[in-house]
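The values are calculated or read from the model by the stated rules, or taken from the named source; none is laboratory data. These numbers come from a predicted model, not from an experiment. For neighbour counting, all protein chains shown are included, and Cβ atoms are generated from backbone atoms with ideal geometry for every residue, glycine included. When the accessible area is computed, the model is the full protein with side chains, heavy atoms only, and any ligands, DNA or RNA have been set aside. Shrake-Rupley method; radii C 1.70, N 1.55, O 1.52, S 1.80 Å.
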Amino acid sequence: MVNNGDDARAGAYVRQPTGYRAFIPRPLPPADPPLDLTLARSSLLSDATLALGRLDAAAQLIPNPDLFVGMYVHREAVLSSQIEGTRASLTDVLVFEVEGEVELPVDVGEVVNYVGAMNHGLARLSQLTLSLNLIREIHRELMRGVRGHNRDPGEFRRTQSWVGPEGSVLATATFVPPPPHLLMEHLGNLESFMYEESHPALVRAGLIGLSTAASSRMCGCGEAGRSGWTSSFAASSRRPTRQHTARAILDLMGRHRRVLQERRASPATLRAHELLWRSPIITVPFLRCELNLTFASANGVVARLEELGILEEQTGFRRNRRFACADHLRLFIEGTEAPPDAPS
């Protein structure tokens, strides 16, 4: 459980009239004590901002940055869903999107919804500011046709919820969020803080992440409270992983294109190659549908890409075969294929 002492700066567990204890977050921005942005932490934030700028510049060099973002959306959806106990891997999700109803983990649909919800939110940002209304829209997409779809999707809850192993109750839950009568007050504070300009945007993003993901292992943030979390968030943001991935994608695209040009690839093959950056796992029927080809043409394109070493056959079957752009897939797949232990 979260420490209720001075170091629990994200909030505290408060006993409710019926006896259970619920986590009550402290308002943003932090006031008592205020956020400690010492010189060392300011340097971390500067480095993180610079790293994000480099990442943006690298992404702009990719002919279609949406393809780069799309695969990251898939990867983050898988990892976030695994935290909540799902067992679907990135490969499961990509196969489901290509083949539809196949024998996969039952919760793969939830991860597919997560991808759809994230994409919906990104698309709506061009028309709607980041707000509680947008959060409600995203939640409606997230719950479409999956567990809980009949529990007022797109509406803020009106009952007490909790997180814990199967069979747990409020008194034994691992985490209990604020009771419903306090919910809108805290959500309103969160929405206001999104546009509060006295703190850098990266700091606000880190603190919003801390507050909205308030779980028992995050709320206390060790001995440093919110200031410590800000340092950790900034440090992780400046890691070069995504920059390296962007460069690796550019290098791989360049190698593929040189091969395709040297071997005088057909227009249909070039179109199929571009599709692989959005869908690195494909089948002949999927390619036929996406590119409006005949079956024979789609089959020929797949065979050509396999001959050039761009695609690899994954099933070993003679029929109903599945192919992958394995080099591209490997850039995103690390850490997504073995879900962490989670409550069953």
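Label point of V69 set 7 angstrom out along Cα-Cβ; within region 111-132, amide nitrogens under 15 Å from it belong to 115-130. For region 132-175, with all protein chains in place and a probe radius of 1.4 Å, 53% of the accessible heavy-atom surface sits on carbon or sulfur. Within the full protein context, the accessible area of M184 is estimated at about 100 Å² for a probe radius of 1.4 Å. Model label points for E197 and H149, set 7 angstrom from Cα along the Cα-to-Cβ axis, are 4.4 nm apart.
With a Förster radius of 51 Å applied to the beta-carbon distance between R136 and R264, the computed FRET efficiency rounds to 0.45. Ligands, DNA and RNA excluded, the heavy atoms of D56 present near 90 Å² of accessible surface to a 1.4 Å solvent probe. Based on the Cβ-Cβ distance from Q314 to H244, what FRET efficiency comes out when R0 is 25 Å, to the nearest 0.05? So, using R0 = 25 Å, E works out to roughly 0.45. When W162, W277 are compared by accessible surface with a 1.4 Å probe, the order from highest to lowest is W162, W277. A 1.4 Å probe, protein heavy atoms only, puts the accessible area of T294 near 80 Å².
Taking S43, S198 and ordering them by how much accessible surface each has at a 1.4 Å probe, largest first, produces S198, S43.
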